[in-house]
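Below is one structure; the comments refer to it alone.
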Amino acid sequence: MNKKRALWMVLFVATAVVFATGTALAKDWKPTKAIEIIAPAGPGGGWDMLARTVQKALTDEKLVDKPIIVTNKPGGGGATGWTYLKGKKGHGEYLAATSPLILQNNLLGKSELTYNDVTPIACLMAEWETIAVKADAPWKTGKEFFEAIKKNPASVPVGVGPTLGNDDHIQFLTIAQAFNVDPKTVKFVVFPKTAAEQIPAILGGHIGAITISMAETLEQVKAGKLRLLGVSSPERLAVIPDVPTWKEQGIDLVFPHWRGLIAAPGLTDEQLKYWDTVIGKMVQTKTWKDLLKKLDWDSFYQNAADHKVFLAESYKSQDNLLTSVGLKK
């Protein structure tokens, strides 16, 4: 073999090695610096709790080998934090807590940002919605309650907070439609401070019902002051075993108030695969399951692909519903 040919062979082998090594590195992507999880609200709220719960589970279970920091970026009903994340295009070390507001802010004209501007990673947990009335109210079932509204909407004002167009409101509108009640006829009373105002208002007889997160009613339910007409979970809940689901009452509805994780836009397939795999492992750990139990959260895991489909379907259904009642901007 002459020297020229030998030199070409050396270059060919070297190039092949570099290409193969580069390919392996791409397939094996993982964070190269500290991981930042953005809580798009102040400390102590649902997004902040989720971000810190993920931080603890990933760290304690040693599922990542870089430090994790939680950054609070409040404002715009989540939009400030999510816009910050959008600006980290292609950087896989940035995640953010999310919820249905990433859909509703856009539908209600409060933000131009949508779930398509980020990378869905996972749905993680759910709290369940309910409709509560006073314990001595005449309605024992959802059907009886909505028949009363259909007959005389003004006689049954419904408390909702902190604004129209959120999950509490959307749950009620969906159930009303299923019971053949025109959602436009329902008389809603908005309570900006949510349960802190809704509970006293219903106990004082100023409104007929509230649409609200189930957890916020438990104290008064256990005290025998409130009755829950139904719950939006797929099955009855151990904490309220006597309360039927809406599905049991003939309404094809499972309605989670969910929270999850999103990443920056423009991730590579390898970056997405990394987080999809890591979060998939996290939700199976004892640490994660114990934290959910401690916080009274239900697991509602969806991987990246399933969560993206879920977001698209939710956006479409909520778009139709909010348009039908005149709230779509």
For this session: Can you pull the one-decimal nm distance between simple spin-label points at Ala135 and Asp65, each 7 Å off the Cα toward Cβ?
Result: 5.8
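Counting helices only, and only those DSSP H runs with n ≥ 4, report the 222 nm mean residue ellipticity of the chain as the sum of -39,500 (n - 2.57) divided by its residues, in deg cm²/dmol to the nearest 500.
-13000 deg cm²/dmol
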Seminar exercise, completed: For Gly159, other-chain or 5+-apart residues with amide H closer than 5 Å (H placed, Pro excluded) are Val189, Gly208, Ala209, Ile210, Thr211
Problem set entry | Residue among Gly260, Gly224, Gly46 with the largest mean-square fluctuation in a Gaussian network model of the chain, springs linking Cα atoms under 10 Å | Gly224
Problem set entry | Calculated FRET value between Val190 and Asp28, using beta carbons and R₀ = 45 Å, to 0.05 | 0.30
For this session: Net charge near Glu127: determine it from the other residues with C-beta under 10 Å of the C-beta of Glu127, scoring Lys and Arg +1 and Asp and Glu -1.
Result: -4
Exercise. From the backbone phi of the stretch 230-235, what are the Karplus-calculated ³J(HN,Hα) couplings (6.51 cos²θ - 1.76 cosθ + 1.60, θ = phi - 60°) in whole Hz, Gly and Pro given as x?
Worked result: x, 9, 8, 7, x, 9
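Can you sort Met282, Met214 from fewest to most other Cβ atoms within 10 Å of each residue's own Cβ?
If I rank by nearby Cβ atoms, fewest first, I get Met282, Met214.
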Seminar exercise, completed: Computed for the stretch 127-249: size of charge dipole around the Cα centre, +1 on C-beta of each Lys and Arg, -1 on C-beta of each Asp and Glu, debye to nearest 20, value 360
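Evaluate the charge dipole of the chain about its Cα centre and quote only its size in Debye, nearest 20, assuming +1 on the Cβ of each Lys and Arg and -1 on the Cβ of each Asp and Glu.
It comes to approximately 940 debye.
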Exercise. Taking only the alpha-carbon positions of the chain and ignoring solvent, what does the Debye formula give for the base-10 log of I(q)/I(0) at q = 0.09, 0.10, 0.16 Å⁻¹?
Worked result: -0.53, -0.63, -1.34
Problem set entry | Whole-Å distance, taken between Cα centres, linking the stretch 122-145 and the stretch 168-192 | 13
For this session: Would you mind telling me which residue in Gly165, Gly76, Gly205 has the biggest mean-square fluctuation in a Gaussian network model of the chain, where springs connect alpha carbons within a distance under 10 angstrom?
Result: Gly205
Exercise. How do Asp276, Asp28, Asp182 rank when sorted from fewest to most other Cβ atoms within 10 Å of their own Cβ?
Worked result: Asp28, Asp182, Asp276
Exercise. Amide H to amide H under 5 Å from Gly45: which residues, 5+ apart in sequence or cross-chain, H placed 1.01 Å off N in plane?
Worked result: none
For this session: Can you find, among Phe146, Thr130, Trp275, the residue farthest towards the positive end of the dipole of the chain? Put +1 on the C-beta of Lys and Arg, -1 on that of Asp and Glu.
Result: Trp275
Seminar exercise, completed: Taking the alpha-carbon centre of each part, the distance from the stretch 291-327 to the stretch 31-64 in Å is 21
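Readers should treat all values here as calculations from the given coordinates under stated rules, not as data from a laboratory. Owing to the predicted nature of the structure, the values given are computational and were not obtained by experimental measurement. Neighbour counts run over all protein chains shown; Cβ positions are idealised from the backbone, glycine included.
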